[in-house]
Structure formats: structure tokens, C-alpha cells
């Protein structure tokens with residue numbers, strides 16, 4: 001088997017245990033790469049995508065994240081025809097990977113999805129738009145939808161700013177992803193040092209109490225997927 | 001994996017309804033697919049440019065999220081996420 005599947009990157013000296021299972025029968029191993037350790041598995045081909053495969057990938061990454069002081073998760077589905085191909089690609093991005101690994105050291109990712117129940121009620125009460133009778137009406141309806149989209153995105157980003165301000169000194173970084181209608185208002189990712197996790201939870205509870213009109217769904221802690229380059 | 005508190009379930013709500021667990025699972029899977037270091041030039045996570053895993057989760061998400069039950073009924077399926085995310089070489 002020449003193919004290699006890459007799970008994540010850690011500092012040297014924190015390789016996988018002998019019993020860690022991946023996609024195939026071959027054990028997962030740590031491949032040294034000048035200041036980095038690549039968690040890899042020999043696989044003939046890339047695994048087919050599925051939720052189960054995604055979670056299997058995540059389980060290996062989580063193992064690395066728990067055992068090493070820093071872990072840079074790799075996205076699902078990165079398979080190389082041989083070790084030389086893997087080394088070439090890592091070499092091309094080495095400075096960036098090393099910097100990112102330092103940034104996520106001793107840290108976790110937490111997710112916060114914000115739902116706006118008022119938005120759901122508005123949507124449910126909305127009367128279906130009649131077919132536009134003219135080109136002008138059509139353009140007006142498009143303009144209305146665009147403005148509504150922009151207002152929604154503005155609201156999501158403003159809320160994200162409030163959250164970031166409220167968490168100042170507790171989080172190292174925040175990622176903001178406004179959500180499509182029907183999935184909530186915004187999804188936030190927070191990079192939290194392991195020594196700040198209790199304070200993070202307390203401040204999120206506090207923010208939630210101040211915004212009873214919204215609903216917050218928390219996830220994590222996870223390996224810092226959203227903070228990898 | 002998603003049932004272990006340290007790996008993804010909401011840590012401060014012991015009695016989350018099922019749909020919330022699905023939301024958290026969707027959060028996790030979307031992260032594994034959409035985030036993380038991209039080293040390889042080609043990722044085998046999509047077919048003809050459509051990410052099937054995320055599509056499936058998005059539909060489940062829309063169905064389980066009772067806040068907006070009619071959006072799905074009207075056929076307004078949630079748009080696919082921007083998996084490229086402006087990062088070169090991830091497709």
C-alpha cells in the first residue's frame with residue numbers, strides 16, 4: 001500500500017498509540033517532518049465520504065488533540081498517492097503550518113449557534129409572494145429579498161461583535177459564519193485556551209441571560225478545526 | 001462520538017432536545033468537512049461540486065428545526081455552504 005491518508009499535525013514526540021484505529025487495518029502512525037509530526041494511515045484509496053467516515057476521522061483527530069499540547073486538524077478526505085507527495089505538499093506550507101500550530105497550542109474550539117425564534121415566527125406568518133405581474137415588480141421583489149438578506153447578515157455580524165466584546169480576554173479568536181434562513185442566525189467558533197474554559201462557559205451563560213430573546217446552542221470543546229489555515 | 005460530552009454535546013444543558021443534538025452534530029461535521037488544514041489538492045468529499053454529506057445534514061437540520069417548518073415545505077432548501085471559503089487548492 002503506497003497511499004497515505006493524513007489526519008492531523010502535532011509537534012514531534014506525541015505520536016498515536018498502537019491501538020488507535022482508523023479506516024483500514026493498518027495502524028495509524030506518526031510521520032516525522034522537520035519540527036512537525038504527521039498522523040497518517042496507509043490506505044489504498046481515500047475513504048468514501050459519509051457522516052460515519054467524517055466522525056471516524058474526527059475520532060482520530062480528537063485522540064491527537066487530547067494527547068498532544070497542540071493539534072492542527074486536517075480536513076476530511078486528504079489522501080496522497082505516496083509519502084513523497086505528502087511531504088511535498090507539507091513542505092510547500094511549512095511556515096504557515098508551524099505558525100498555526102503555535103497559535104492553537106493548549107486550546108479548544110467551541111461552537112455557538114444562535115437561533116432567533118422571532119425570525120421563525122415572521123417566516124411562518126409570511127404570506128406567499130404572488131407571481132410578479134411585470135418586470136418592474138419582479139425587480140422590486142428581488143431588491144426586497146436582497147435587502148432582507150443584507151439586513152439579516154448585518155444583524156448576525158453585529159451580534160457576533162457583541163459576543164466577541166463580551167468574551168474579550170477569554171477567547172483567543174473568533175470565526176463568524178452567518179447562516180442561511182432556516183438554520184439559525186449565525187454560527188460562531190471560538191478558540192479558547194484550556195485554562196479559560198470555565199470562565200468562557202460562565203460568560204456565555206451570562207450573555208445568554210442578557211439575551212433571552214435569542215436561543216443559543218453550544219458545542220464542543222473540539223479540536224480547533226476552524227482555526228487551521 | 002457525538003454523544004460524549006467532551007466531543008460535542010452541549011456541555012451546559014443536560015436535557016437538550018433531540019433536534020439540538022442534531023444541530024451540534026451538523027456543526028461538528030461541517031467543521032470536519034469545511035475547516036481544517038488543506039494540504040492535498042483534491043478532496044474526496046463532493047460529487048460534481050455538491051457536498052453530499054453537508055446537503056444531507058442541512059436537510060435534516062431544516063426538518064428538525066421547528067422554528068421554520070414552512071421554509072422546507074415551500075421547497076426553500078438551505079443553500080449549500082461555501083466550502084471553498086476562498087482558500088486556494090481545496091478542491
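The values are calculated or read from the model by the stated rules, or taken from the named source; none is laboratory data. This is a predicted model, so every value here is computed, not measured. Don't worry about glycine lacking a Cβ; one is built from the backbone with ideal geometry, like all the others, and counts go over all protein chains shown.
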| Looking only at region A:32-50, which residues are within 28 Å of residue A:69 (Cβ to Cβ) and surrounded by fewer than 20 Cβ atoms within 10 Å (Cβ to Cβ)? | A:32, A:33, A:34, A:35, A:36, A:42, A:43
| said: Among the listed residues A:29, A:67, identify the single one that is within 20 Å of residue A:221 (Cα to Cα) and surrounded by fewer than 21 Cβ atoms within 10 Å (Cβ to Cβ). | reply: A:67
| query | So is residue A:175 part of a strand (DSSP E or B) and surrounded by 15 or more Cβ atoms within 10 Å (Cβ to Cβ) or not? | reply | yes
| request: Can you confirm whether region A:89-111 contains a residue that is within 10 Å of chain B (Cβ to nearest Cβ), at pLDDT below 95, surrounded by 18 or more Cβ atoms within 10 Å (Cβ to Cβ) and not in a helix (DSSP H, G or I)? | output: yes
| request: Identify all residues within region A:43-67 that are facing chain B (nearest Cβ under 9 Å), more than 18 Å from residue A:191 (Cα to Cα) and either in contact with a strand residue (DSSP E or B) (Cβ under 6 Å, 6 or more places away or on another chain) or part of a helix (DSSP H, G or I) (or both); write none if there are none. | output: A:46, A:51, A:53, A:54, A:55, A:56, A:57, A:59
| said: Would you confirm, using the coordinates I've provided, whether residue A:192 is more than 11 Å from chain B (Cβ to nearest Cβ), in contact (Cβ under 8 Å) with a residue 60 or more places away in the chain and crowded, with 18+ Cβ neighbours inside 10 Å? | reply: yes
| Can you tell me which of A:21, A:70 is in a loop (DSSP other than H, G, I, E, B), farther than 23 Å from residue A:84 by Cβ and in contact with a helix residue (DSSP H, G or I) (Cβ under 6 Å, 6 or more places away or on another chain)? | A:70
